[in-house]
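Colleague: Input: one structure, supplied below.
The values are calculated or read from the model by the stated rules, or taken from the named source; none is laboratory data. These figures come from a predicted structure and were not determined experimentally. Here the Cβ positions follow ideal geometry from the backbone for every residue, glycine too, while neighbour counts run over all protein chains shown. Just the protein is used for accessible areas: all its heavy atoms, side chains included, with ligands, DNA and RNA removed. Shrake-Rupley method; radii C 1.70, N 1.55, O 1.52, S 1.80 Å.
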Amino acid sequence: MIDCKRAQDSMSDFIEGLLETEKHNIVQTHVDGCSLCASVCERMRRVRDLLNGLPQVASSPTFEHILKDKLRLERERSEGTLWRRLPSYLPIRPRPAFAFSMACLAVVIGLFLVKSTLLQKRQPLFIAESEHSTKVERISPSEDTVSLGSPARLVSDRNEAPNYVLRKISPQHLELQRGYLSSTWQSQFNREYILGQTRLQWTSEGLQAVKYVLPSATPPRRLQTVTFSP
Amino acid sequence: MRESAAGVRVQRKQRTPADEELLKKVHEGDPGAFDMIVKRYKMRLLNFVFRFVGDRDQAEELVQETFLRVFRERKNHERISNFSTWIFTIAGNLAKSELRRRKRWRFFSLDQPESEEGTEFEIPDESQRPDDLTHDRMIERAVEEAMETLSPKYREAVILRDIQGFAYEEIAEIIGCPVGTVKSRVNRARLRLQEELKEWMEGIQ
């Protein structure tokens, strides 16, 4: 004899006739004498019939059409070049998740571009000295750095001193280089000592570099003014 | 078969290509071969996946994905010994993944705080009141509800056995576990289903 648990453990095989004769008889004897297991056995048979008799669901009319579209994209992906494959990665039907992720990506790229532009503007620029450069960039209180097309030079009245050409200047560099730009210099021209000074000053037109030459024992004389203005 | 000398035409019985042969033809670039595979398996897979996930649109998408995966694997056709069990394995895995995904979502949605009374107000679905449903639909619905109480592994086993009619050996191949385990799962699933449907079955007697 077996108990209910063991009988029910073999119930599927029992109703399907998959048990060996000896075991089948043992379960049969138990089911014959146990109303509980007899009910379970009967209900299990009915469940099996119910599952077996469930109606078949039909596919929608667009099933194969959509499948063919997906297969076409799949072929393009596997056979085409990278450039031709790109559109195949886009979903056939618009999906909110995809659209949202694309929007996020666009925002991130936009922020990155804006930030990199700002960073570029904030980058300290340099002041170059060259005799041959023709480009001078000016600075104004409202803008960090703006290119100026026309050449500008700081020259002495005798064209003998080295030319100062301010290629680019930023407020930071103005601060950093103020000492240099505004330094007093001294050189000798035609056996005459000249004391000179370059001064940077803001005017309504922009940054102005003024060079003064101070011949010995003479009052300061303004030689040339270069205004870095638009 | 040959045509006899007297000109009597003997009907030639065309041999149906095996699934594995069809997949090989797909690999060789025969577009009709894949259509034939789709035609052969579309309904069986759709019904299998539908009974598994309980949503027809979802089932269709999963079946389409199954066919796409078959197409992707066409180059490996030599490694596929039993196409039928292989394609059901793919579909079953996709269906299980879908159920897992839903479970995660359900977890998140159930995690929401309840209202002060502790119960949410639900609008009854008037479109499907029991008295409006046909007898067949009532049976189907009762079975569907009972099936939902089964965990995926028991559900898969009983669908493959009682709805799809696979042999236990084939199911073992599809699920990837021993025949004894499959039998045990089917038995437990049936026991659970008969318990779930007990009142309903007694009610209609």
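Colleague: Looking at the stretch A:43-70, which of its residues are more than 7 Å from chain B (Cβ to nearest Cβ) and part of a loop (DSSP other than H, G, I, E, B)?
Modeller: Answer for the stretch A:43-70, where residues must be more than 7 Å from chain B (Cβ to nearest Cβ) and part of a loop (DSSP other than H, G, I, E, B): A:GLY53, A:ALA58, A:PRO61, A:THR62.
Colleague: Looking only at helices (runs of 4 or more DSSP H) that fall completely inside the stretch B:135-205, which ones have 2 or more residues that are without any contact (Cβ under 8 Å) to a residue 12 or more places away in the chain?
Modeller: B:135-148, B:168-175, B:179-196, B:198-203
Colleague: When you check B:LYS103 against the structure, is it away from every other protein chain (no Cβ under 13 Å) and at pLDDT 85 or above, yes or no?
Modeller: no
Colleague: So, one more: For B:GLU145, are the conditions met, namely being buried (at least 19 other Cβ atoms within 10 Å of the Cβ) and either more than 11 Å from chain A (Cβ to nearest Cβ) or among the hydroxyl-bearing types (Ser, Thr, Tyr) (or both)?
Modeller: No; evaluated as a whole, the condition is false for this residue.
Colleague: Evaluate the stretch B:75-97: report whether one residue or more is open to solvent by 70 Å² or more (accessible area, probe 1.4 Å), out of contact with any Asp or Glu (no Cβ under 8 Å at 6 or more places or on another chain) and of a type in the set (A, V, I, L, M).
Modeller: No; the residues of the stretch B:75-97 include none that is open to solvent by 70 Å² or more (accessible area, probe 1.4 Å), out of contact with any Asp or Glu (no Cβ under 8 Å at 6 or more places or on another chain) and of a type in the set (A, V, I, L, M).
Colleague: Can you spot a residue in the stretch B:34-46 that is open to solvent by 20 Å² or more (accessible area, probe 1.4 Å), more than 10 Å from chain A (Cβ to nearest Cβ) and at pLDDT below 90?
Modeller: Among the residues of the stretch B:34-46, not one is open to solvent by 20 Å² or more (accessible area, probe 1.4 Å), more than 10 Å from chain A (Cβ to nearest Cβ) and at pLDDT below 90, which makes the answer no.
Colleague: Looking only at residues in the stretch B:52-65 that are at the interface with chain A (Cβ under 10 Å from one of its Cβ atoms) and either open to solvent by less than 20 Å² (accessible area, probe 1.4 Å) or not in a helix (DSSP H, G or I) (or both), which one is nearest to B:VAL158 (Cα to Cα)?
Modeller: The qualifying residue nearest to B:VAL158 (Cα to Cα) is B:ALA59.
Colleague: Would you check which residues across the stretch B:65-98 are more than 14 Å from the chain's Cα centre (by Cα) and farther than 15 Å from B:LEU45 by Cα and list them?
Modeller: B:PHE71, B:ARG72, B:GLU73, B:ARG74, B:LYS75, B:ASN76, B:HIS77, B:GLU78, B:ARG79, B:ILE80, B:SER81, B:ASN82
Colleague: Pick out the one residue from B:PHE88, B:PHE71 that is within 14 Å of another protein chain (Cβ to nearest Cβ) and at pLDDT 85 or above.
Modeller: Of the residues listed, the single one that is within 14 Å of another protein chain (Cβ to nearest Cβ) and at pLDDT 85 or above is B:PHE71.
Colleague: Right, something else. Can you pull out the residues in the stretch B:157-191 that are within 9 Å of chain A (Cβ to nearest Cβ) and either β-branched (Val, Ile, Thr) or touching a Ser or Thr at 6+ places or on another chain (Cβ under 6 Å) (or both)?
Modeller: Across the stretch B:157-191, the qualifying residues are B:VAL158, B:ILE159, B:ILE163, B:VAL186, B:ASN187, B:ARG190.
Colleague: What tally of residues in the stretch B:64-78 results from selecting those that are more than 15 Å from A:LEU73 (Cβ to Cβ) and among the basic types (Lys, Arg)?
Modeller: Going through the stretch B:64-78 one residue at a time, the tally reaches 2.
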